[in-house]
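Down below is the structure, laid out as structure tokens.
The values are calculated or read from the model by the stated rules, or taken from the named source; none is laboratory data. Just so it is clear, the model here is predicted, and its values are computed rather than measured. Cβ atoms come from the backbone with ideal geometry, glycine included; neighbour counts cover every protein chain shown.
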Amino acid sequence: MQKLTRKEEELMKILWDIKEGFVKDIIEQYPDPKPHYNTISSLVRLLDEKGIVGHKAYGNTHQYFPIIKKQDYRSTFIKDVVREYFDNSYKQTVSLFIEEEKLSNDELDELIDLIKSKKQ
């Protein structure tokens, strides 16, 4: 699976949330200022051509839906980040969040519990 551009990810996040929609439905979910209809139409058709979204045709209009699940994309993306930026080390990845204090004490406790449960 190829990495999506920032604009493609933004559109996919909307589709994952609304499950399916016409271009106008997708545009409604964007914050102001809303993107132009033609911009979103072109972007969603490109994602359709890439096999990332599918569509149902209703005459001249199309209702789009995600083919790739959010969890599948997230897993692939995280694996790529760990490989490219952390020398394929999940320990280094988690250490970064701990060192930069991005995890609360409760989150650290939950992470420790999760690790302990995976060891058993």
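With respect to I98, determine if the residue is β-branched (V, I, T), loosely packed, with under 12 Cβ neighbours inside 10 Å and not assigned by TED's automatic domain parsing to the domain that holds I14.
no
Considering each residue of the stretch 54-95, count those that are assigned to a loop (DSSP other than H, G, I, E, B) and loosely packed, with under 11 Cβ neighbours inside 10 Å, and give that number.
4
State whether the residues of the stretch 40-49 include one that is outside any helix (DSSP H, G or I) and not assigned by TED's automatic domain parsing to the domain that holds V94.
Scanning the stretch 40-49 turns up no residue that is outside any helix (DSSP H, G or I) and not assigned by TED's automatic domain parsing to the domain that holds V94.
Here's the yes/no breakdown for (1) outside the structural domain of I112 (by TED's automatic domain parsing); (2) at pLDDT 95 or above; (3) basic (K, R):
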position	(1), (2), (3)
L11	yes, yes, no
K24	yes, yes, yes
Y30	yes, yes, no
Y37	yes, yes, no
V53	yes, yes, no
N60	yes, no, no
K91	no, no, yes
V94	no, no, no
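Check E8, E20, E28, E49 and return the single one that is charged (D, E, K, R) and crowded, with 16+ Cβ neighbours inside 10 Å.
Only one candidate passes the filter, namely E8.
Show the residue pairs meeting these rules: Cβ distance below 9 Å; 6+ apart or different chains; first residue within the stretch 30-48 and free of Cβ contacts under 8 Å to residues at least 24 places away in the same chain; second residue outside any loop (DSSP other than H, G, I, E, B) and among the aromatic types (F, W, Y).
From the stretch 30-48, the pairs are R45/Y64; D48/Y64.
Can you tell which of Y64, Y85, Y58, Y90 is over 22 Å from the mean Cα position of the chain (by Cα) and under 26 Å from E9 (Cα atoms)?
So the residue among Y64, Y85, Y58, Y90 that is over 22 Å from the mean Cα position of the chain (by Cα) and under 26 Å from E9 (Cα atoms) is Y58.
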